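Reviewing the structure listed below.
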Amino acid sequence: MSERVSVTVPATDRPRRADRVVADAVGLSRSYVQRLIEDGRLTVAGEPVKSNTVLEAGTSLELDIPDVAIPTIEAEEIPLRVVYEDDDVLIIDKPAGLVTHPAPGHNSGTLVNALLARGGIDAYGTVGGEDRPGIVHRLDRDTSGLIVVARNDRAQTALMAQLKARRVKKTYLALVHGQMPAENGRIEAPIGRDPRHYSRMAVIPSGRPSITGYRVRERFAAWSLLEVDLQTGRTHQIRVHLASIGHPVAGDPLYATGVARSGPDDLHRLFLHSWRIEFASAAGDKVIRAEADLPRELETVLDDLRARPS
């Protein structure tokens, strides 16, 4: 058995390779799409096309995706720092470099693998699917900090509803390049897939409404430490919004350039940390709040900046 998926190259798109168009449209890895194309599963008007075929805007394609068994996700003993726990939820302080959940081509070494070692598949909510037990939201691989895990279906459903209604308060710490012109501000700009670089997001008129608030926590000669509030939850939202106003996050390999991309001395990762989270319990009878201090590798960078002349 297989599933046939129709893809149309967006009218606003520039000519692009077939494998890139399809991978971006259906959310599969490019390498997997290339394998499907090699098997003759991508067609235009019934004729197979190659991965490097350049497609014009408006072209219609058909992709035949074979049914495959979902690989078993194995439990792995990966250390986790739990900052809060009750019968309904866990709040984990995720280290940078740890992927939240398995994806095609990345079936091990994730937070989910670690969670399974901690309690087994039956210890978490099943609403998100077999490959995402208990997962209600995610953090980018290079972002550290707080992430909430549901321990049962009731909690997972309640948390997902709060996220959708924008009732979960999430605050991040971000070091950005340059001096912010005001002590606090609000960025309202729609975010969508970058039409020129489909591996990135961008502020574009056709994007989804996105709102980010910020407050300056500390100023340095060439950098500003911000507390950043997410009022919406778009992919790479903080990174895209701050870069769009000329203050990219330090150490960002996707949206920063020059000095901002490398960051201050001794910074070897993205300086973005999920610091504080607040939400209602699954029963609605209390508010749950948690904080996670900056990892030592980020605090060391700040200590060095504080020691320099302002």
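Considering region 248-262 alone, what residues qualify as being touching a Leu at 6+ places or on another chain (Cβ under 6 Å), open to solvent by less than 10 Å² (accessible area, probe 1.4 Å) and closer than 21 Å to residue 308 by Cα?
Selection gives 249, 250.
Just one of the numbered conditions (1) of a type outside the set (Val, Ile, Thr); (2) under 17 Å from residue 163 (Cβ atoms); (3) at pLDDT below 95; (4) surrounded by fewer than 18 Cβ atoms within 10 Å (Cβ to Cβ) is not true of residue 289; which one?
The number of the failed condition is (3).
Could you please let me know if residue 265 is free of Cβ contacts under 8 Å to residues at least 40 places away in the same chain and under 19 Å from the mean Cα position of the chain (by Cα)? Reasoning before the result, please.
On the way: free of Cβ contacts under 8 Å to residues at least 40 places away in the same chain: yes; under 19 Å from the mean Cα position of the chain (by Cα): no.
Taking the combined requirement at face value, the residue does not satisfy it.
So for region 12-30 (the condition being farther than 19 Å from residue 193 by Cα and surrounded by 13 or more Cβ atoms within 10 Å (Cβ to Cβ)), does at least one residue qualify?
At the first step, the residues of region 12-30 found to be farther than 19 Å from residue 193 by Cα are none.
So far as region 12-30 goes, no, none of its residues is farther than 19 Å from residue 193 by Cα and surrounded by 13 or more Cβ atoms within 10 Å (Cβ to Cβ).
Let me confirm something: among 200, 193, which residue is closer than 28 Å to residue 95 by Cβ and open to solvent by 30 Å² or more (accessible area, probe 1.4 Å)? Explain how you work it out, then say what you get.
Numbers: 193 fails: closer than 28 Å to residue 95 by Cβ.
Selected residue: 200, the only one of 200, 193 that is closer than 28 Å to residue 95 by Cβ and open to solvent by 30 Å² or more (accessible area, probe 1.4 Å).
Looking at region 221-242, which of the residues that are of a type in the set (S, T, N, Q) and open to solvent by 40 Å² or more (accessible area, probe 1.4 Å) is farthest from residue 183 (Cα to Cα)?
Of region 221-242, the ones of a type in the set (S, T, N, Q) are 224, 231-232, 235, 237.
Of the ones still in play, those that are also open to solvent by 40 Å² or more (accessible area, probe 1.4 Å) are 231, 235.
On the way: 231: 19, 235: 25 Å.
The residue in question is 235.
Mind checking which residues of region 23-44 are under 15 Å from residue 8 (Cβ atoms) and either hydroxyl-bearing (Ser, Thr, Tyr) or over 21 Å from the mean Cα position of the chain (by Cα) (or both)?
Correct list: 42, 43, 44.
Which of the numbered conditions does residue 245 fail, given that it passes all the others? Conditions: (1) surrounded by fewer than 18 Cβ atoms within 10 Å (Cβ to Cβ); (2) among the β-branched types (Val, Ile, Thr); (3) closer than 13 Å to residue 175 by Cα.
The one condition residue 245 does not meet is (3).
Would you pick out the residues in region 4-27 that are in contact with a strand residue (DSSP E or B) (Cβ under 8 Å, 6 or more places away or on another chain) and of a type in the set (A, V, I, L, M)?
As a first pass, look at region 4-27 and keep what is in contact with a strand residue (DSSP E or B) (Cβ under 8 Å, 6 or more places away or on another chain): 4-9, 15-18, 21-22, 24-26.
The answer is 5, 7, 9, 18, 21, 22, 25, 26.
Looking at region 254-266, is at least one residue in a helix (DSSP H, G or I), among the basic types (Lys, Arg) and more than 20 Å from residue 170 (Cα to Cα)?
The answer is yes; a qualifying residue exists.
Could you check, for region 263-277, whether at least one of its residues is buried (at least 21 other Cβ atoms within 10 Å of the Cβ), of a type in the set (S, T, N, Q) and touching a strand residue (DSSP E or B) at 6+ places or on another chain (Cβ under 7 Å)?
Looking for residues that are buried (at least 21 other Cβ atoms within 10 Å of the Cβ), of a type in the set (S, T, N, Q) and touching a strand residue (DSSP E or B) at 6+ places or on another chain (Cβ under 7 Å), one finds at least one in region 263-277, hence yes.
Can you pull out every residue in region 223-250 that is in a loop (DSSP other than H, G, I, E, B) and touching a residue at least 60 places away in the same chain (Cβ under 8 Å)? Even if it seems obvious, please write down each step before you answer.
Step one: of region 223-250, the residues in a loop (DSSP other than H, G, I, E, B) are 231-236, 245-248, 250.
Matches in region 223-250: 231, 232, 233, 236, 246, 247, 248, 250.
Going through 171, 143, 212 one at a time, which residue ends up being among the hydroxyl-bearing types (Ser, Thr, Tyr), open to solvent by less than 60 Å² (accessible area, probe 1.4 Å) and free of Cβ contacts under 8 Å to residues at least 40 places away in the same chain?
Numbers: 171 fails: free of Cβ contacts under 8 Å to residues at least 40 places away in the same chain; 143 fails: free of Cβ contacts under 8 Å to residues at least 40 places away in the same chain.
On inspection, the qualifying residue turns out to be 212.
So, in region 104-121, of the ones that are at pLDDT below 90 and open to solvent by 50 Å² or more (accessible area, probe 1.4 Å), which residue ends up nearest to residue 82 (Cα to Cα)?
Residue satisfying both the conditions and the ranking: 121.
The values are calculated or read from the model by the stated rules, or taken from the named source; none is laboratory data. Since the structure is predicted, the reported quantities are computational estimates derived from the model, not experimental observations. When we count neighbours, we look across all protein chains shown, and the Cβ atoms used for this are built from the backbone with ideal geometry, even at glycine. Surface accessibility is based on the protein's heavy atoms, side chains included, excluding ligands, DNA and RNA. Shrake-Rupley method; radii C 1.70, N 1.55, O 1.52, S 1.80 Å.
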